[in-house]
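The structure appears right after this line, and notes come after that.
The values are calculated or read from the model by the stated rules, or taken from the named source; none is laboratory data. These numbers were taken from a predicted model, which means no experiment stands behind them. Counting neighbours? That spans all protein chains shown, and the Cβs are built from the backbone with ideal geometry, glycine included. Areas reflect the complete protein model, heavy atoms only, side chains present, ligands, DNA and RNA absent. Shrake-Rupley method; radii C 1.70, N 1.55, O 1.52, S 1.80 Å.
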Amino acid sequence: MTQVKTRRDLILEEMGLTPVWRLRGARAEEAPVAAPEAIPESRASSPEPPQPGIAQEPRVTTHESRITEPGDRRATIMRMEWPGLKEAVASCTSCPLHAKRNKTVFGVGDENADWLFVGEGPGADEDAQGEPFVGQAGKLLDSMLAAIKLQRGTNVYIANVVKCRPPGNRNPEPGEALACEPYLDRQIDLLRPRLIVALGKVAAANLLATDASVASMRGKVHDYRGTPLIVTYHPAYLLRSLTDKAKAWADLCFAVRTMGDLKRETDAAT
Ligand code: SF4
């Protein structure tokens, strides 16, 4: 029987993100609806399955105590509420990245979100619009969110390690990331998300103070100042690497299971 395609299916098809996938064992009304995955022919019948039991592994704590900045800039930032924090970022000149930016990119989303996705920094589109993940990588991130029944702005917040665009889309220098770190720390304190998803090596490296590879950090629950954190690939990388999209899908499944575990832990404690 021919299946009628929904508008969403057609959009995903156009973006090369089909087939539509559903989480194994999920009830129909709960099932994630779309996959961020264009499966290579050779793997179409055996996508990388979520690894059973992995959410039960002990959390991996790799983040050491935060570096103390000279002066009281960090302490001042860590006392700010949302409006003051946004103003501080908009007028910030604390690292060289301010010189060539068009707009700061503070972050966007639900300020009471359970989910926080952290990327590395704005690109050209984000610098022009002042919003994170608005180019092709942003479209893929939105599809990844849709795959686990999330959408930008609803129970999801999206931010970056640095709020100004590194020229030529290079990685932020350590000093730039360090200068911007208190803003993200304060965003996390204000958000109090249940789970952070670090998108790519730069985000993971800065949040977990490690130079480990994304591959070695996937599939584990890390700890960022008391908040569980998992690591997956950056959408911009996934646009260039079809084979790793299957791994990103497995990571999203792992994130969903982890979030379920966290909610059950909270419910049991209350
Ligand atoms: S990247 Fe961060 S620390 Fe640097 S100027 Fe922009 S807001 Fe300030």
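Residues in the range 203-221 that are open to solvent by 20 Å² or more (accessible area, probe 1.4 Å) and in a helix (DSSP H, G or I): ALA205, ASN206, ALA215, SER216. Against the test of being out of contact with any Phe, Trp or Tyr (no Cβ under 9 Å at 6 or more places or on another chain) and free of Cβ contacts under 8 Å to residues at least 40 places away in the same chain, the options ASP189, ASP127 yield a single qualifying residue, ASP127.
Scanning the range 72-110 for residues that are open to solvent by 60 Å² or more (accessible area, probe 1.4 Å) and over 21 Å from GLU173 (Cα atoms) yields ASP72, ARG79, GLU81, PRO83, LYS86, GLU87. The single residue among GLY119, GLY130, GLY107 that is within 15 Å of the ligand (Cβ to nearest atom), on the phi > 0 side of the Ramachandran plot and touching a Leu at 6+ places or on another chain (Cβ under 9 Å) turns out to be GLY107. Residues satisfying the criterion are absent from the range 234-248 (criterion: in contact with a helix residue (DSSP H, G or I) (Cβ under 6 Å, 6 or more places away or on another chain), within 26 Å of TRP82 (Cα to Cα) and either modelled with pLDDT of 95 or more or in a helix (DSSP H, G or I) (or both)). Checking the stated criteria, MET217 turns out to be touching a strand residue (DSSP E or B) at 6+ places or on another chain (Cβ under 7 Å), within 21 Å of GLY121 (Cα to Cα) and either modelled with pLDDT of 95 or more or not β-branched (Val, Ile, Thr) (or both). Can PHE133 be described as modelled with pLDDT of 95 or more and either part of a helix (DSSP H, G or I) or crowded, with 23+ Cβ neighbours inside 10 Å (or both)? Against the criterion (modelled with pLDDT of 95 or more and either part of a helix (DSSP H, G or I) or crowded, with 23+ Cβ neighbours inside 10 Å (or both)), PHE133 qualifies.
Counting only residues that are polar (S, T, N, Q) and assigned to a helix (DSSP H, G or I), the range 98-130 holds 1 of them.
Within the range 222-232, being surrounded by fewer than 20 Cβ atoms within 10 Å (Cβ to Cβ) and over 20 Å from ARG192 (Cα atoms) holds for no residue. If the condition is being at pLDDT below 95 and within 9 Å of the ligand (Cβ to nearest atom), then the range 162-201 contributes no residue at all.
Of all residues in the range 78-105, those that are of a type outside the set (Ser, Thr, Tyr) and free of Cβ contacts under 8 Å to residues at least 24 places away in the same chain total 7. Scanning the range 198-216 for residues that are free of Cβ contacts under 8 Å to residues at least 40 places away in the same chain, hydrophobic (A, V, I, L, M, F, W, C) and in contact with a Lys or Arg (Cβ under 6 Å, 6 or more places away or on another chain) turns up at least one hit. One residue stands out among those in the range 157-202 that are in a helix (DSSP H, G or I) and closer than 24 Å to LEU239 by Cα: the one that is least open to solvent (accessible area, probe 1.4 Å), which is VAL202.
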